[in-house]
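The values are calculated or read from the model by the stated rules, or taken from the named source; none is laboratory data. Since the model is a prediction, treat every value here as computed from it, not as a measurement. We place every Cβ from the backbone using ideal geometry, glycine too, and count neighbours over all the protein chains shown. Just so you know, the surface numbers come from the protein's heavy atoms only, side chains and all, with ligands and any DNA or RNA stripped out. Shrake-Rupley method; radii C 1.70, N 1.55, O 1.52, S 1.80 Å.
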Amino acid sequence: MEKSEKPRVIVLDTSAILSGQLEANPAHKYLTCPGVVDEVRFGNLAPERLDAAIMQGLLSVERPERWALEKTTEAASLTGDITSLSETDIVLIAIAIQYNVANYDVSLISDDYSVQNTAMQLGIKVSGRIHPGIKRAVKWVLICPACSSTFRENLKTCPYCGGELRRKPVKNLST
Ligand SMILES: [Zn+2]
């Protein structure tokens with residue numbers, strides 16, 4: 001058990017809910033966002049369990065404030081993860097930031113690599129079921145396989161030759 005004076009908040013994505021992370025430790029506060037609720041409901045995978053958890057007050061469905069969304073988008077642009085994140089992913093990370101800033105002990109549980117990476121970039125603790133959780137944020141550049149140009153901007157194709165850009169991790173990226 002972790003010793004902490006801070007109230008513990010666990011932010012869950014769809015995969016985390018479906019993998020049973022909601023089986024609650026009553027000392028924890030479980031949070032998610034409306035997009036995740038929709039994904040679980042429309043996927044028709046565990047709607048009863050989800051609804052029961054919300055009804056019982058185990059799981060709160062929250063919406064982040066604008067500044068938190070902007071901060072998430074900014075961080076995801078910096079790491080290059082922005083192209084891989086859904087709107088729901090961004091909303092979920094933004095909720096985690098808000099609680100982090102409000103001095104809660106926040107963990108974000110997601111199996112999605114880009115979600116994990118962006119959250120790490122923002123100083124949020126992450127864990128996942130498939131990926132063991134990455135040690136530090138990885139930054140990316142986009143590289144054109146045809147002409148070898150690299151880009152920090154969020155592009156899909158190479159502006160010089162039209163090649164389809166690929167993501168490549170960058171180590172020791174100096175600002
Ligand atoms: Zn090119």
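For the reader, a short list of remarks on this structure follows.
- The chain: calculated mean residue ellipticity at 222 nm from DSSP helix runs of at least 4, using -39500 (n - 2.57): -10500 deg cm²/dmol
- Amide H to amide H, with H built 1.01 Å from N, Val170 comes under 5 Å of Lys139, Trp140, Val141, counting only residues 5 or more places away or on other chains.
- Our summary gives the chain a relative contact order of 20 percent, counting only alpha carbon pairs under 8 angstrom and 6 or more residues apart.
- Ordering of 112-122, 48-58, 29-39 by packing [mean C-beta count within 10 Å, highest first]: 112-122, 29-39, 48-58
- Restricting attention to the chain, lysine pairs at least eight places apart or on different chains and with alpha-carbon atoms under 26 angstrom apart total 27.
- Residues whose placed amide H lies under 5 Å from that of Val11, excluding near-sequence neighbours: Leu31, Ser107, Leu108, Ile109
- Evaluated with a Cβ-only charge set (Lys, Arg +1; Asp, Glu -1), the chain carries a dipole of roughly 720 debye about its Cα centre, given to the nearest 20.
- Carbon + sulfur, % of accessible area of the range 1-112 - ligands and nucleic acids excluded, 1.4 Å: 50 percent
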